[in-house]
Amino acid sequence: MRVLVVEDEPKVAAAVKRGLEGEGLAVDVAGDGVDGLWMATEHEYDAIVLDIMLPGKNGFDVCAALREAGNWTPVLMLTAKDGDLDEAEALDTGADDYLTKPFSFVVLVAHVRALLRRANRSAPAPIEAGDLRVDPARHRCWRGDAEITLTAREFAVLEFLIRRAGEVIPKLRLLEGVWDYEFDGDPNIVEVYIRHLRRKIDEPFGRKAIETVRGAGYRLAADGG
Ligand code: CA
């Protein structure tokens, strides 16, 4: 799942990004309101963490513009205790939740998780491919009756594939969907995670759910392999 953080203080933005990435989320950062609004419009996010006091366009305006355009991505607004704009106003402009600065990252992560759960309420059911099953709301995975323990990132890769079971997913699309789109590390990281996943969801069960399609990408068998 992908989250947009709109925050002009680089230190706060970097810390929020790290904290959310630690939860297995892909995070993009925008440093001002204009960029934030553009990114939220151009890309699809599961949630937006939006600071109020921003250069260019403040958080209230960004949120109001999104809602006006019919974009209902859940928004968590960051308010300052000494700011002249308050929480009620945040909710008035269409934010789903707010958090007063300074906040602890544990609390931030809990609020973002709650937003993501709420956003998923319309489709809370586990996703299945044959006897392979993942529950995105609770971050759990099973092969038949056997529960499989996955790291946050392994889970994110599997969730991305199983939501598109039967489709060939190019490596770069997987990278963009699970890591953030400014990821500038080695794209072979995808292969590493595919290998980890096979070791957990396929090999112990003598199955082959994740297929490598030479030169094209990966495909998770719709029947679970
Ligand atoms: Ca700010």
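The values are calculated or read from the model by the stated rules, or taken from the named source; none is laboratory data. Keep in mind the model is a prediction, meaning the values are calculated, not measured. Cβ sites come from the backbone with ideal geometry, for glycine too, and all protein chains shown count toward neighbours.
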### Query
For residues in the range 104-119 being surrounded by 15 or more Cβ atoms within 10 Å (Cβ to Cβ) and out of contact with any helix residue (DSSP H, G or I) (no Cβ under 8 Å at 6 or more places or on another chain), which is modelled with the lowest pLDDT?
A119
### Whichever residue in the range 1-27 is buried (at least 16 other Cβ atoms within 10 Å of the Cβ) and of a type outside the set (A, V, I, L, M) and, among such residues, is nearest to R118 (Cα to Cα)
R2
### Query
Within the range 56-63, can one find any residue that is in the same structural domain as D96 (by TED's automatic domain parsing), assigned to a helix (DSSP H, G or I) and surrounded by fewer than 23 Cβ atoms within 10 Å (Cβ to Cβ)?
yes
### Query
For the range 58-85, which residues satisfy the criterion of being within 16 Å of the ligand (Cβ to nearest atom), at pLDDT below 80 and either more than 18 Å from V6 (Cα to Cα) or touching a Phe, Trp or Tyr at 6+ places or on another chain (Cβ under 7 Å) (or both)?
K81, D82, D84, L85
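Matching residues to (1) assigned by TED's automatic domain parsing to the domain that holds A110; (2) more than 16 Å from the ligand (Cβ to nearest atom); (3) among the charged types (D, E, K, R); (4) in contact with a helix residue (DSSP H, G or I) (Cβ under 9 Å, 6 or more places away or on another chain):
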residue: K17; (1), (2), (3), (4): yes, no, yes, no
residue: L20; (1), (2), (3), (4): yes, yes, no, yes
residue: G33; (1), (2), (3), (4): yes, no, no, yes
residue: A40; (1), (2), (3), (4): yes, yes, no, yes
### Query
What pairs come up if the first residue lies in the range 68-85 and is closer than 9 Å to K101 by Cβ and not assigned by TED's automatic domain parsing to the domain that holds W38, the second is assigned to a loop (DSSP other than H, G, I, E, B) and at pLDDT below 90, and their beta carbons are under 6 Å apart, counting only those six or more places apart or on different chains?
none
### Task
Go through the residues of the range 46-56 one by one and say whether even a single one is more than 21 Å from A80 (Cα to Cα), in contact with a Lys or Arg (Cβ under 7 Å, 6 or more places away or on another chain) and more than 11 Å from the ligand (Cβ to nearest atom).
yes
